[in-house]
Amino acid sequence: MPRPFGKHFSHLFHRRKESEKPIIKSRQNETQEHFTNNDAHPVPPKPADQAIQSTQTLQPRDLWQTAYNHLDKSQQNILSTKEISITPGEGKKHLKNLIDQVITTTEEGYEKYYQTADKTCRKTSRKILDAALSFKDIIGAVAALDPTQHAASVWNIVLLSLTLAKKYSQCRNSLFESSGYLADVLTYGAFIEQNFHEKTKSISDNHLVEDALIRLYKAILCYVVQIRKFQEASVGEKVLNTVTDSLQQPLIALKTSVENERAKLDKWIGLIEYLNRAKEAENILRKIDELADSLKRLLEHSGFKSLLLAEGAFFDSYTHQHEDYCLPDTRTDLLRHISTWAQSQDQLIFWLNGMAGTGKSTIARTVAQSFQNQGLLGASFFFKRGEADRGNAKRFVSTLARQLIIKHRQLGFDVFNAIENDSNVVFKSLDIQFEKLLYQPLQKLSTSQSTTIVIVIDALDECDEDKDQQLILNCLFKMQEIKSVHLRVFLTSRPELPVRISFDKNKDHHDLILQELPKSVIEYDIRLFLESKLLAIQKERSLSPDWPGSEKIEKLVAMAIPLFIFAATICRFVGERKWRPEQRLEKILNSASASSEDEMARTYTPILSQLLAGANEEETHQLKKEFQHIIGTIILLASPLSLDALSLLIEFPLDDINNRLDGFHSVLSIPVDFEAPVRILHLSFRDYLLDKKCPFYVPEQDTHSRIASHCLRLMKTRLKENICELQSYGMQQEDIKTEIIEDYLTADIQYACRYWVHHVEQSKDHIINCDVLPFLQDHFLHWMEVLALIGGISEAVGLIDTLKSRAQLGSDLSDFLYDAERFIRQNNYIAAIAPLQIYRAGLVFAPSKSIIKQIFVSKVKDQLAVGTAVEDSWSSNLQTFEGHSSTVYSVAFSPDGRTLASASGDQTIKLWDTATGVEQRTLTGHVGTVESVVNQSTTSYSISVADSWVSLRGGRALWLPTDHRPFRCFAIKNTMLALGLITGRVSIIRFDF
């Protein structure tokens, strides 16, 4: 649930010190007399006021304070509550910092919405910047004229509106408008007041000017009161539109009052040029425009697109939007400690380790948010087992590189060069990726000033491969050698053996064990958490103000220490809307497991036991079986599935699944939308269920075996050639609409194709060869087609390697998998570009004895009858005409097509028998490169060749593998195509129509 913006931004308001109260009460009374009768002339001073007047000649009147005094008590109370104290004498510094924040937030807001911003947004942004920069020019005079800092409070409102505009795009225009108007009026008033005091002797009826300024300031303060009323009401995002609509009327009233007083002031003092920094404001926006354009070009760069992204890995990704952050006043010492480390010259890595459920991820999110707010966060990666690419390290480096490039665009040059030099670098081993895409670019990064870059990595222990965990740490420690920037890595994990071994080998790190913090600190933070969450439940459900009571909270605190996950899980359990919170809480407190020494049992058993409440022995057996089938599948999925997809995968009615999950909202994230994925809220729940001591034990290998069988069944039923019914076998991936793929390849079949091998592996040979081989013999190419369509063809070789690594492989399956690996290695490039070429180019250029070619060539629909010289078995080269020692510049067929002539840079012409490939004759005597022979390219079959493609009848039909490229020339005769290659070889391809 979004936090109310009142709580988010209460820190933006300040409180004046007691020493800054109005100077002399009688002076206020005098001002009130002027204000009530602004047409009257000044009242002659009484004798007793002579001393006061002499003081006033030395110090101008505080018009802002006077305006404040004319507010009613309720308005004054609203303005004076929850304000931050300002030390006397620090007013100017505070005001300057505030204006700087306004400028920065305006820049950030404009940059964020640059692509969608209209001319009005840009004009308003320029106006705010002009006003703020102009205001800074006279900030010393403003601070002297407004010692009570009321103007600063109004600038805080400008900052609040800009911050909200950046956060909530739907209200951006109205919030920007109000910010722009307030900034303009504040700057206008400041310049008028300064000019008035400079010319006070030459202006008659001074009190009229003062009274006009006071009325102007009062109107501004009244508007601020309206804003603060909504802020005090803790208004959330859901009603923010209503708020902005409601504030339109006060804004109109403000404009009316201001323009009325403006007309008078301009008449009495004259027009004043108070906005004089338009050029600087425009330069700021122009730089943002240029940076935004460069970012757009960056995002469109092919190298950037090659950096594969692990979806959901960012700390602030959509997946994490409902995750908790540390509550205010909790973890304060720890967060301060981490902040100090980041700015120090201390060790590169800060390792926060702790047992499951101690709050590591919540701290990591809070730390990442804090560093992002400070502009220090370079990148983040939050591992999570069971969340596809977040559960392994395949996209770890490329995901970090993408974020770092956006933050520090100079890195793009070296990263993109690395990709251009080796387009497969993102698929190579982790250490090579790290060296080319992170280490070397960061080594070369040159900045004009000292730059701190913080990388936040959460839950490293949830990365699947132990060796990958250690390799990641080895790479991170190597970053200590980078001196071009001030690098810091904040990392969390459980103290698992692979991680501990790596840290033991390299002592140059800072570590902190979370559960070993003083018990009093942990207890205090858990108590605050429980009080906050249970108070929210109390208000939301209109419970008694006495609920739950300090005694019950203390009992919960004692049960929870040291696990925050216990407190969070119990609060979710108690707050489930279908149940009465009082009864749910009593069940927890009275549970038999409440006193268990097993912390995970203490956390989860009370919740799980609700499933069996009131069930007899037979029902208990059935419920546990269904639990293993549904919940067991959810916790062991390689990537979360929606309820719809889960139902199709495991062949279980959707209504039954929904009914069984109804009591598990405290441990699972179960969206109302059946098409949104169901997720485990914390990995410890999975760990608990896989423990044989758990009364709801889920047998891991058996469950993986069952999921693998479901995947194989689904693929056997659904997979077929050209499953998306594409119009052409040459249709490229970029031309296939995403909606078409999603319509034909629903989430369940996509999951089965991507992860069935994973479940076979994890089943530990529970799936036997007789299940796998028949599937591959019938559907291997169909499987590859789907992987290509969903962007997973790059993973195919790894999947085959996984199958090959199984302990017991029969010879038939072993031979098939060898052939499959060679087939994929040759064709994964074109499959990624044009998926259906797996059936055309893939089979045409496969060796004649390829198992896959022999099985599938007769099964493919409308297969091209193409003959070309290929080897019998897999080799690094295909058979071609070889004999030239330099580039072939020209090829030509004889009129009968039986002979092919080739001219080369080796100063020869060779004649070839097109049927046998035998060289018939070599013509010598040329004194230079032979660049042409007579080319009789004739065909009635509409064969053409360009780039990497052979087209038939105007449509792309056959992709040429790398051994047939790049060609220098070509010739066509009837159904034959000859290619002259720069390697000196000549290749002939025959089409049989």
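Every read-out reported here was derived from the displayed coordinates using simple, explicitly stated rules and does not represent laboratory data. Every value quoted in this text rests on a predicted model; they were computed, and no experiment measured them. Quick reminder, even Gly has a Cβ in these numbers, built from the backbone with ideal geometry, and neighbours come from all protein chains shown.
Miscellaneous remarks
- Amide H contacts under 5 Å for SER904: TYR889, VAL930, restricted to partners 5 or more places along the chain or on a different chain, H placed in the peptide plane at 1.01 Å from N.
- Most tightly packed first, judged by the mean number of other beta-carbon atoms within 10 Å of their residues, the peptides 744-755, 539-550 read 744-755, 539-550.
- Shown in residue order for the stretch 391-401 are the 3J(HN,Hα) couplings computed by the Karplus curve 6.51 cos²θ - 1.76 cosθ + 1.60 at θ = phi - 60°: x, 8, 9, 4, 10, 4, 5, 5, 5, 5, 4 Hz (x for Gly and Pro).
- Net charge over other residues, Cβ less than 12 angstrom from the Cβ of ARG580 (K, R count +1; D, E count -1): +2
- Remark: the stretch 574-591, residue by residue, has Karplus-estimated 3J(HN,Hα) of 5, x, 4, 5, 7, 10, 7, x, 4, 5, 5, 5, 4, 4, 5, 5, 9, 5 Hz, where x stands for each Gly or Pro and the curve is 6.51 cos²θ - 1.76 cosθ + 1.60 at θ = phi - 60°.
- Amide proton proximity set for SER669, modelled H, under 5 Å, gap of 5+: ARG679, ILE680, LEU681
- Efficiency of FRET from Cβ geometry, GLN732 and SER894, R₀ 35 Å, rounded to 0.05: 0.45
- Cα-projected label distance for LEU911 with ASP100, points at 7 Å along beta-carbon direction, nm: 8.6
- Under 15 Å, Cβ to Cβ, from SER814 - net charge with Lys/Arg +1 and Asp/Glu -1: -3
- Sequence ranges 674-684, 249-259, ranked by mean other-Cβ count within 10 angstrom, highest first: 674-684, 249-259
- Under 5 Å from the amide H of THR899 lie the amide H atoms of SER894, THR914, each residue being 5 or more positions distant or on a separate chain, with H modelled from the backbone and absent for Pro and chain starts.
- Highest mean packing first, where packing is the average number of other Cβ atoms within 10 Å per residue, the peptides 458-470, 783-795, 475-487 line up as 783-795, 458-470, 475-487.
- Alpha-carbon centroids, the stretch 446-507 and the stretch 320-376: separation in whole Å: 15
- ³J(HN,Hα) computed for each position of the stretch 556-567 - Karplus, 6.51 cos²θ - 1.76 cosθ + 1.60, integer Hz, glycine/proline x: 5, 4, 4, 5, 7, 3, x, 9, 5, 5, 4, 4
- For the stretch 790-847 versus the stretch 540-587, the inter-centroid distance based on Cα atoms is 54 Å.
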